[in-house]
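A.B. asks: Handing you a structure now.
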Amino acid sequence: MLCHRTGYENGVDILQRKRLIKQKGSCKINGTCTAYIITKEMDGKINAHYSSTHFGHQLDVGLLPLSKDDKNLIVSKCKVHLKKIIVSQKLCYSQIRL
Ligand SMILES: [Zn+2]
């Protein structure tokens, strides 16, 4: 499996397009990134050969191809973390006032 940023933007003529152009643009880098992973299952074990070095783009969390469930999971974890920060700030402020 290649990095999801590998590939070219759809070169379809803007007047011939059936789908709207993404507002934030394509995540493709119009080239090939060097990151990949190849997995093979042997004797009940999974072997992986990979390169984790990306080339030709920055790591941008906003461009990750996440499922709706994964996005919802991240949002819920952020909400929990945010609540912890708010509670700790309230505790800190209450101690300052004492
Ligand atoms: Zn990459």
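No lab work stands behind these numbers, since they all come straight from the coordinates. Nothing here was measured: the structure is a model prediction, and the numbers come from that model. FYI the Cβ positions are ideal-geometry reconstructions off the backbone, even for glycines, and counts take in every protein chain you see.
A.B. asks: In straight Cα distance, which aspartates and glutamates are under 15 Å from Lys24, not counting same-chain residues fewer than 8 positions off?
C.D. replies: Glu9, Asp60
A.B. asks: Let me ask something additional. Would you list, by chain and number, the lysines whose Cα falls below 20 Å from the Cα of Lys79, excluding same-chain residues fewer than 8 positions away?
C.D. replies: Lys68, Lys71, Lys90
A.B. asks: List the residues of region 58-88 whose backbone N lies under 12 Å from a point placed 7 Å from the Cα of Ser94 along the Cα-to-Cβ direction.
C.D. replies: Once the point is set 7 Å along Cα→Cβ of Ser94, 87-88 turn out to lie under 12 Å by backbone N, inside region 58-88.
A.B. asks: In degrees, nearest 10, range 0 to 90: what is the angle between the Cα axis of helix 68-97 and the longest Cα principal axis of the chain?
C.D. replies: 30 degrees
A.B. asks: Through the Karplus equation 6.51 cos²θ - 1.76 cosθ + 1.60, θ set to phi - 60°, convert the phi angles of region 28-42 into ³J(HN,Hα) values in whole Hz; use x for Gly and Pro.
C.D. replies: Result, ordered by residue: 5, 9, 6, x, 10, 7, 8, 7, 7, 8, 10, 10, 9, 9, 9 Hz.
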